[in-house]
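Taking it in order: structure first as structure tokens, then the write-up.
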Amino acid sequence: MSMTEQSGTGPAPTMAEPWDDMEAVPPLARAPRGSTSIVPKSSIAVRSLAAVVAIMTFLASLTTGAAMLVVSTASNWQSEVGREVTIQVRPAPGRDIEADVRAATDLARGTFGVAEVDPYSREQSEQLVQPWLGTGLKLDDLPIPRLIVVKLLPGGTPDFAMLRGKLAAQLPTATLDDHRGWIERMRTMASTAVIAGLAVLGLVLVVTVLSVTFATRGAMAINRPIVEVLHYVGATDGFIARQFQHHFLMLGFKGGAIGGGAAMLLFGCIEAARAWLSGTPGGDEAAALFGSLSIGVDGYLAIVGQIVVMAVVTALVSRYTVSRTLAAID
């Protein structure tokens, strides 16, 4: 008989181990399973930054699209205006304007590089001034000049100096306008639009950089104890910076996609409205003034590129800010 049985006290108790109490601990109270981010994903600062990125991308996309529309329309105007010149024949006392128009037409047709000559009748000339004078007026007593539209051959370079000399010698009331002034104005307008667009894009990038910097510093301030613990237990600066960079990269893509998508939708609605109004007086006037109102495939690709640029800028700025902050902790 063993000493335990002899004493009658039962089996000898064994010493409890520390891990035995873990059996009674609920699983959710133990260490968290899976990976967790050290950057808050639903804080007010994060949501505000996403909204700022979306607004900045929307403004940048609108600026880019508007600049492309202006450049495209100006280019079309230059192409159309550059393919033709006009001769203006003014009525004068003692001269037969119909004979002067026929003589100017013959001179233009005999010039090298001219494809077609279209003299306007008096009725057509009166219709040109109706938008300014209105309809229903009797214009017989007004000295309305007659226009002759001279269309040029593609690639042709007529001798305008010689044509001006012949007109001045034979028809003192006729003048030639090759629209060089209009072409220069349109080029200046297109260049100004491009410069203004680049300036706006630069301001958008500056605002985005500042917003990302402040948001990253705010996230670092909120999570500074966690960052310091990770830093002191051996986490490298590159690891911590990558966490912030990945987070802000996704945030930049999200905000950029919202802003860029809204801009694409707006331009698509404008194109649909133009197609719907095509053939109406208002639609024809809008098409004459603003062109097709379509940014085309290049415009949409440019907006997609801006979405990517905004996301990359957001990620790089956040990584730089985190690296500077970690260097200060060291």
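The values are calculated or read from the model by the stated rules, or taken from the named source; none is laboratory data. Remember, it's a predicted structure, so these values are computed and weren't measured experimentally. Quick reminder, even Gly has a Cβ in these numbers, built from the backbone with ideal geometry, and neighbours come from all protein chains shown. Note: accessible area is taken over every heavy atom of the protein model, side chains too, but ligands, DNA and RNA are not part of it. Shrake-Rupley method; radii C 1.70, N 1.55, O 1.52, S 1.80 Å.
So, in segment 98-145, of the ones that are of a type in the set (Lys, Arg) and closer than 21 Å to GLY165 by Cβ, which residue ends up modelled with the lowest pLDDT?
Step one: filter segment 98-145 for residues of a type in the set (Lys, Arg), giving 102, 109, 122, 138.
Okay, now just the ones that are also closer than 21 Å to GLY165 by Cβ, so 102, 109.
Values: ARG102: 89, ARG109: 86.
The extreme case among them is ARG109.
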Every residue in segment 81-124 that is closer than 17 Å to THR157 by Cβ, part of a loop (DSSP other than H, G, I, E, B) and touching a residue at least 12 places away in the same chain (Cβ under 8 Å), please. ARG83, THR111, PHE112, GLY113
Hits in segment 69-103 - residues which are of a type in the set (Lys, Arg) and surrounded by fewer than 16 Cβ atoms within 10 Å (Cβ to Cβ): ARG83, ARG95, ARG102
Output the residues belonging to segment 226-264 that are of a type outside the set (A, V, I, L, M, F, W, C), modelled with pLDDT of 85 or more, open to solvent by less than 60 Å² (accessible area, probe 1.4 Å) and farther than 13 Å from THR216 by Cβ. GLY255, GLY256, GLY259, GLY260, GLY261
Restricted to segment 146-162 and to residues being at pLDDT below 85 and among the hydrophobic types (A, V, I, L, M, F, W, C), the residue surrounded by the fewest Cβ atoms within 10 Å (Cβ to Cβ) is ALA161
Do we find that SER35 is open to solvent by 50 Å² or more (accessible area, probe 1.4 Å), under 30 Å from VAL317 (Cβ atoms) and modelled with pLDDT under 80 in this structure? yes
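Within segment 297-316, can one find any residue that is open to solvent by 50 Å² or more (accessible area, probe 1.4 Å) and modelled with pLDDT under 85?
Initially, segment 297-316 is screened for residues open to solvent by 50 Å² or more (accessible area, probe 1.4 Å), giving 297-298, 300-301, 304, 308-309, 312, 316.
This time we only want the ones that are modelled with pLDDT under 85, so: none.
No - not one qualifying residue is present in segment 297-316.
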